[in-house]
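Read the structure below first, then the notes.
The values are calculated or read from the model by the stated rules, or taken from the named source; none is laboratory data. In this text, all values refer to a predicted model and were calculated from it rather than measured experimentally. All Cβ positions, even for glycine, are placed from backbone atoms using ideal geometry, and neighbour counts span all protein chains on display. Remember, those area values only see protein heavy atoms, side chains included, never the ligands or the DNA or RNA. Shrake-Rupley method; radii C 1.70, N 1.55, O 1.52, S 1.80 Å.
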Amino acid sequence: QAALFGQTCFEAGDAKNTYGTGSFFLTNTGETAVGSDNGLLTTVAFQRAGEEPRYALEGSVFMTGGVIEWLEEGGMIESVEDCERVAREAGSSEGVYFVPAFTGLGAPYWDERASGTVVGMSRDTRSEHIVRAAVESIAYQTRDVVEAMEEDAGVEIHALRVDGGAVQNDLICELQASIVGTKIARPVVDETTALGAAYTAGLTVGYWESLDELCENRKVDRVFESDGDEGGDYARWKEAVERSLGWE
C-alpha cells in the first residue's frame, strides 16, 4: 500500500507492481471495495483524514526476485546483476518453462502444494536457457495477476508502474511489457515503499499540501513498451503451471 501511494496511484485503475523476493501487484479501485472471483485480495489502499477510504485489489506472487537469487546460489549466474547478460545471450528459453513455486503459488492460484517445476528441456538445453526461463517466469506470473485484475475490476490495464530492486534489470521490464501487453513505467526512485511513507508523513506535517503536488514530484526513468508479441507463449506457461499444482 505504501508503494502504491509512492507511485502516486491515486485514481481508480492506476496499477503498480513491487518486485522484492516476491511481488505485490495492486490496482486502485477508487471508493469501491471490489470483491474478487479470481483469487485476489480486497484491501484498503489508503485513507486521508476526513475522507472516504480508497480501496485496491491485490495480487501477491511468492517468488519473483527470489528466483534470481536462487539462480545465483545454484551457480547458474555469477551475481544478481549478471542475470540480464546471461538471459540476453540465451536469446530465448528454447521451449523451457520454469515455474518457481518454491513455496507454493500465490495469486491467482493459492496452491501451497505446488512445487517448483522446470518443463520442456531437451538434450540441447543449457543453464542459460533455464536462466532465461526464470526471468520470463516473472513476466508470466505478472500476467496471471493482470488477467485476474482486469476480470475482477472490469478495467483494462494500459500502463503498469513498477518498482523494487528487480526492475533495474531492463530485460525483466522489456519482457513484462511484451508478455503482459502494456506499458511499463520505471521511476527514478525505485524504492517507492519508503517514498510512499515519506509522502504520507509530508502531507501530515504540511510539507506537501495536496496529492497533485505528489503527482508533479513523480519522475519516470524509462517507459518500456510492448514489441507487439503480446502473448508470448502464455498458453504453454499455463500448461507448465498445471504440472506444478498439487505436487507436494
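For segment 156-183 versus segment 2-66, the inter-centroid distance based on Cα atoms is 16 Å. Kirkwood's formula applied to the C-alpha pairs of the chain gives a hydrodynamic radius of 18.5 angstrom. The modelled label-to-label distance for the pair GLU81/GLU242, using points 7 Å beyond Cα in the direction of Cβ, is 4.3 nm. Heavy-atom accessible surface of ASP190, to the nearest 10 Å², is about 30 Å², with a 1.4 Å probe and all protein chains retained. The value of relative contact order for segment 102-248, using C-alpha pairs under 8 Å at least six residues apart, is 30 percent. In the chain, the DSSP-assigned H stretches of four residues or longer account for a calculated mean residue ellipticity at 222 nm of -11500 deg cm²/dmol, using -39500 (n - 2.57) per stretch and the full residue count as denominator. All alpha carbon pair distances within segment 142-230 were sorted into 5 Å bins beginning at 0; the resulting P(r) in whole percents reads 3, 13, 20, 19, 17, 15, 9, 4, 1, 0.
When only the Cβ of Lys, Arg, Asp and Glu is charged (+1, +1, -1, -1), the dipole of segment 126-248 relative to its Cα centre reaches about 340 debye.
Across segment 1-102, Cα pairs under 8 Å and at least six residues apart give a relative contact order of 22 percent.
Rg and Dmax of segment 83-210, both derived from C-alpha coordinates alone, stand at 17.8, 63 Å. FRET efficiency for the pair VAL205 and GLU31, taken as 1/(1 + (r/R0)^6) with r the Cβ-Cβ distance and R0 = 35 Å, rounds to 0.85. Here the Gaussian network model covers the chain, with springs between Cα atoms less than 10 Å apart; of VAL180, VAL61, VAL188, VAL188 fluctuates the most. Once both labels are positioned 7 Å from their Cα atoms along Cα-to-Cβ, the gap between ARG126 and ALA197 label points is 4.4 nm.
The charge dipole of the chain, taken about the Cα centre with unit charges on the Cβ atoms of Lys, Arg (+1) and Asp, Glu (-1), comes to about 220 debye, rounded to the nearest 20.
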